Amino acid sequence: MDNMKKILVIGSANADMVISSPKMPEIGETITGSGFTVNAGGKGFNQAVALSKLGGNVTFIGAVGNDANSEILAAAAKEYNVTYDVIRLETAPTGVAVVTVVNGDNFIVLDPGANGALTPALIDEKEDLLSQADIVVVQLEIPVETVLHLCKKAKQYGSYVVLNPAPYTKLPAEIFSLIDLIIPNEHEAEGLCGFPVDTKQACIKAIDRIKAKGIKNVIITLGKKGCAFSNGKQVVFRQAEESIAVDTTSAGDTFIGAFCVKLSEGKTYQEAIDFASKAAAITVSREGAAKSIPYAHEIQ
């Protein structure tokens, strides 16, 4: 594969309103937090930023409102060199995530806004971009019927389809055979399999169960425990890189972006996972979403 394979990310774009707090408030309690910021976010947008910062040739498609929050996203896309091809809706606001960070963990309340109005018909307006994409990356912060429609289209054009099933929601059985690679975390893997994925044995069983649905390749990300993936013959575990977690917001999105960059360069799964693990370790050591994602030169 040459270095300029075209990667298309279709998914959510949000304004993230983030505040740090010493603890979560009880019902009716007001506590003082600190460090309030409004950042560009959303799983789809974060994955597009990760792809761009880490050296990928990426275009992002999503839906936003006609409001001030959409300008935050447009400015971030420009800053991070993401080709930004969004659909502006008059009927819904830009999605918003209200994020409280407590000791490095996130508590998130999400209003999907325009993300929830990204219909199959709107996707069809971007047919030219879909037809040119070598790799298509999608998540579940947009409607499931849109994700299914997208996967069907992408397969029609011979694209390599990567699904990050987050946040987990039940998927139609027909979607699985359309996906080349699925990258859940342990909670999403539990949703897909119906049992806790909390030990190495459970990981192996989960990967077998997911592959039995019709998906060829599976990577389960396990946070600070690293990840597990199927290399065709067996399940391989890779330890996470050492790092001190400050903010885990974009760890998964960074991992997916980094992995897909290396995939687009023709690297093996093992090489791509090594690169993705290093990228995610840098991300969790920094505050913020998109801004915490490293550039390729920082990993080398």
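The values are calculated or read from the model by the stated rules, or taken from the named source; none is laboratory data. Just so you know, these numbers come straight off a predicted model, no measurement behind them. Don't worry about glycine lacking a Cβ; one is built from the backbone with ideal geometry, like all the others, and counts go over all protein chains shown.
Scoring Ala228 on the criteria (1) part of a helix (DSSP H, G or I); (2) out of contact with any Ser or Thr (no Cβ under 7 Å at 6 or more places or on another chain) leaves a single failure, condition (1). Residues being in contact (Cβ under 8 Å) with a residue 60 or more places away in the chain, crowded, with 16+ Cβ neighbours inside 10 Å and in contact with a strand residue (DSSP E or B) (Cβ under 7 Å, 6 or more places away or on another chain) are represented in segment 21-30 by at least one member. Exactly one residue among Pro184, Pro167 is of a type outside the set (S, T, N, Q), at pLDDT below 95 and within 29 Å of Val86 (Cβ to Cβ), and that residue is Pro167. Of the residues making up segment 185-196, those that are in contact (Cβ under 8 Å) with a residue 24 or more places away in the chain and farther than 19 Å from Ala173 by Cα are Asn185, Glu186. Just to be sure, is Val197 farther than 19 Å from Glu145 by Cβ, at pLDDT 95 or above and part of a loop (DSSP other than H, G, I, E, B)? Answer is yes for this residue.
Cβ-Cβ contacts under 6 Å between residues 6 or more apart (or on different chains), taken from a first residue in segment 223-244 that is within 11 Å of Ala281 (Cα to Cα) to a second residue that is of a type in the set (A, V, I, L, M, F, W, C) and surrounded by 11 or more Cβ atoms within 10 Å (Cβ to Cβ), are listed as Lys224/Ala240; Gly226/Ala240; Glu241/Ala281; Ser243/Ala281; Ser243/Val284. Only one of the numbered conditions (1) outside any strand (DSSP E or B); (2) modelled with pLDDT of 95 or more; (3) surrounded by fewer than 24 Cβ atoms within 10 Å (Cβ to Cβ) is not met by Asn3, and that is (2). Scanning segment 7-63 for residues that are within 11 Å of Ala97 (Cβ to Cβ), in a loop (DSSP other than H, G, I, E, B) and touching an Asp or Glu at 6+ places or on another chain (Cβ under 7 Å) returns Ser12, Gly42.
Does segment 45-67 contain any residue that is farther than 30 Å from Tyr269 by Cα, under 21 Å from the mean Cα position of the chain (by Cα), aliphatic (A, V, I, L, M) and surrounded by fewer than 19 Cβ atoms within 10 Å (Cβ to Cβ)? Among the residues of segment 45-67, not one is farther than 30 Å from Tyr269 by Cα, under 21 Å from the mean Cα position of the chain (by Cα), aliphatic (A, V, I, L, M) and surrounded by fewer than 19 Cβ atoms within 10 Å (Cβ to Cβ), which makes the answer no. Scanning segment 68-98 for residues that are of a type in the set (Ser, Thr, Tyr), within 21 Å of Val136 (Cα to Cα) and surrounded by fewer than 18 Cβ atoms within 10 Å (Cβ to Cβ) yields one hit, Thr83.
Within segment 85-141, being basic (Lys, Arg) and not in a strand (DSSP E or B) holds for one residue alone: Lys126.
Within segment 204-222, does at least one residue satisfy the condition of being part of a loop (DSSP other than H, G, I, E, B), surrounded by 24 or more Cβ atoms within 10 Å (Cβ to Cβ), free of Cβ contacts under 8 Å to residues at least 40 places away in the same chain and in contact with an Asp or Glu (Cβ under 6 Å, 6 or more places away or on another chain)? The answer is no, given that none of the residues of segment 204-222 is part of a loop (DSSP other than H, G, I, E, B), surrounded by 24 or more Cβ atoms within 10 Å (Cβ to Cβ), free of Cβ contacts under 8 Å to residues at least 40 places away in the same chain and in contact with an Asp or Glu (Cβ under 6 Å, 6 or more places away or on another chain). Restricted to segment 249-275, and to residues there that are more than 13 Å from the chain's Cα centre (by Cα) and polar (S, T, N, Q), the residue that is nearest to Ile204 (Cα to Cα) is Gln270. Can you find a residue that is closer than 17 Å to Asp105 by Cα and part of a loop (DSSP other than H, G, I, E, B) anywhere in segment 249-264? Yes, segment 249-264 contains at least one residue that is closer than 17 Å to Asp105 by Cα and part of a loop (DSSP other than H, G, I, E, B).
Looking at Glu190, Glu141, just one residue is buried (at least 19 other Cβ atoms within 10 Å of the Cβ) and of a type in the set (Asp, Glu), and that residue is Glu141.
Close contacts from segment 262-287, counting a first residue that is touching a residue at least 24 places away in the same chain (Cβ under 8 Å) and under 15 Å from Ile183 (Cα atoms) and a second that is acidic (Asp, Glu) and surrounded by fewer than 22 Cβ atoms within 10 Å (Cβ to Cβ), with Cβ to Cβ under 7 Å and a gap of 6+ residues or different chains, come to Ser277/Glu241.
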